[in-house]
Amino acid sequence: MSDGFDDAASPGTGEVTATVIVNAPAARVFAAFLNWEGQSQWIPFTTVRVVEGDGGEGSLVEAVTAIGPASLRDELRVVKVTPPYEVRVVHCGKVLRGPGSVRCTAMSGDRTQVVLHEWFHLPAGAAGKVAWPVLWPGSKLGFTGALKKFGRLVEQGRLP
């Protein structure tokens, strides 16, 4: 892959991790996460769609977050799918770049721990690194809130 994909695939310095426990079996949770369009139900202000491929390895997924007139387009390439455990992606758009993963770990009682981990490249050089500590708490809260909503939808049988 070209267009700086290898650069985007290397971890950036903006690291975010979010975790949630879902009261559902790992295979069901994993399938719900891979329902890319379904992510529009639990990621605030965001529409997600597969633009290339079938949603599996090699696919290109687009997530557009819009609040009023402002919008941010995130493109991510699905680079590894290991059911029912892990999905790895690379954010390869113009603004959001860097690798990410979601891991689903089976727990006792048909519960699943979901861990989302992202390593974004920070824009604007030194200014981006200075701004990151201010932006990071919002990123972590946003990711955690979205994962909690995801968990509730899975538990209610509304996903996948």
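Values computed for the structure shown
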read-out: Residues located in segment 4-26, provided they are out of contact with any helix residue (DSSP H, G or I) (no Cβ under 9 Å at 6 or more places or on another chain), surrounded by 15 or more Cβ atoms within 10 Å (Cβ to Cβ) and not in a loop (DSSP other than H, G, I, E, B); value: 8, 9
read-out: Only listed residue being among the aliphatic types (A, V, I, L, M), open to solvent by 40 Å² or more (accessible area, probe 1.4 Å), modelled with pLDDT under 95 and under 24 Å from residue 10 (Cα atoms), chosen from 66, 70, 127; value: 127
read-out: Hits in segment 75-94 - residues which are surrounded by fewer than 20 Cβ atoms within 10 Å (Cβ to Cβ), of a type in the set (D, E, K, R) and assigned to a strand (DSSP E or B); value: 80, 86, 88
read-out: Which listed residue, of 122, 159, is modelled with pLDDT under 95 and open to solvent by 30 Å² or more (accessible area, probe 1.4 Å); value: 122
read-out: Residue within segment 95-103 that is of a type outside the set (Val, Ile, Thr), part of a strand (DSSP E or B) and open to solvent by 60 Å² or more (accessible area, probe 1.4 Å) present; value: yes
read-out: Exclusive hit being closer than 17 Å to residue 116 by Cα and either modelled with pLDDT of 95 or more or hydroxyl-bearing (Ser, Thr, Tyr) (or both), set 27, 18; value: 27
read-out: Condition broken by residue 50, with the remaining ones in (1) part of a strand (DSSP E or B); (2) surrounded by fewer than 19 Cβ atoms within 10 Å (Cβ to Cβ); (3) modelled with pLDDT under 95; (4) aliphatic (A, V, I, L, M) satisfied; value: (3)
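The values are calculated or read from the model by the stated rules, or taken from the named source; none is laboratory data. Remember, it's a predicted structure, so these values are computed and weren't measured experimentally. Using ideal geometry, Cβ is built from the backbone for each residue, glycine included, and neighbour counts are taken over all protein chains shown. Surface accessibility is based on the protein's heavy atoms, side chains included, excluding ligands, DNA and RNA. Shrake-Rupley method; radii C 1.70, N 1.55, O 1.52, S 1.80 Å.
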